[in-house]
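Asks: The structure is given below, and queries will be raised subsequently.
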Amino acid sequence: MPIVTIQQFPRSVEQKRELARRITEAFVEAYDARPESVQVFFSEVDGENWSRGGVMGCDREAGSR
């Protein structure tokens, strides 16, 4: 049973729904997996819970992520 974990900034449920559909299709094609066996976990991280180069995400401008 394929399990995919995605770490990302928050996205809309519509975007996550579309990504989950495409990932599932890829596993079905590449591995001949049953669609119901593919699991996708979304782990969303906001700017207060990550940093890059020692600068917190919440301290950066939104467009520079």
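The values are calculated or read from the model by the stated rules, or taken from the named source; none is laboratory data. As the structure is a computational prediction, the values presented were derived from the model and not from experiment. A quick note on method: Cβ atoms are made from the backbone with ideal geometry, for glycine too, and the neighbour counts reach across all protein chains shown.
Asks: Quick one: in segment 37-54, of everything that is part of a strand (DSSP E or B) and at pLDDT below 95, which residue is surrounded by the fewest Cβ atoms within 10 Å (Cβ to Cβ)?
Replies: First pass over segment 37-54, keeping only residues part of a strand (DSSP E or B): 39-44, 51-52.
Next, only the ones that are at pLDDT below 95 stay: 51-52.
Numbers: S51: 13, R52: 10.
Filtering segment 37-54 for residues that are part of a strand (DSSP E or B) and at pLDDT below 95, the one surrounded by the fewest Cβ atoms within 10 Å (Cβ to Cβ) comes out as R52.
Asks: To continue, here is another question. Could you say whether any residue in segment 21-29 is of a type in the set (D, E), out of contact with any Lys or Arg (no Cβ under 6 Å at 6 or more places or on another chain), modelled with pLDDT of 95 or more and assigned to a helix (DSSP H, G or I)?
Replies: Quick first cut of segment 21-29, residues of a type in the set (D, E) only: 25, 29.
Next, from what is left, pick out any that are out of contact with any Lys or Arg (no Cβ under 6 Å at 6 or more places or on another chain): 25, 29.
Filter once more, keeping what is modelled with pLDDT of 95 or more: 25, 29.
Cutting the leftovers down to assigned to a helix (DSSP H, G or I) gives us 25, 29.
Yes, the conditions are met somewhere in segment 21-29.
Asks: Something else: Could you go through segment 1-12 and let me know if any residue there is surrounded by 11 or more Cβ atoms within 10 Å (Cβ to Cβ), part of a loop (DSSP other than H, G, I, E, B), among the aliphatic types (A, V, I, L, M) and free of Cβ contacts under 8 Å to residues at least 40 places away in the same chain.
Replies: Keep residues of segment 1-12 that are surrounded by 11 or more Cβ atoms within 10 Å (Cβ to Cβ), which gives 2, 4, 6, 8-11.
Checking the rest, the ones that are also part of a loop (DSSP other than H, G, I, E, B) come to 2, 9-11.
Checking which are among the aliphatic types (A, V, I, L, M) leaves us with none.
No.
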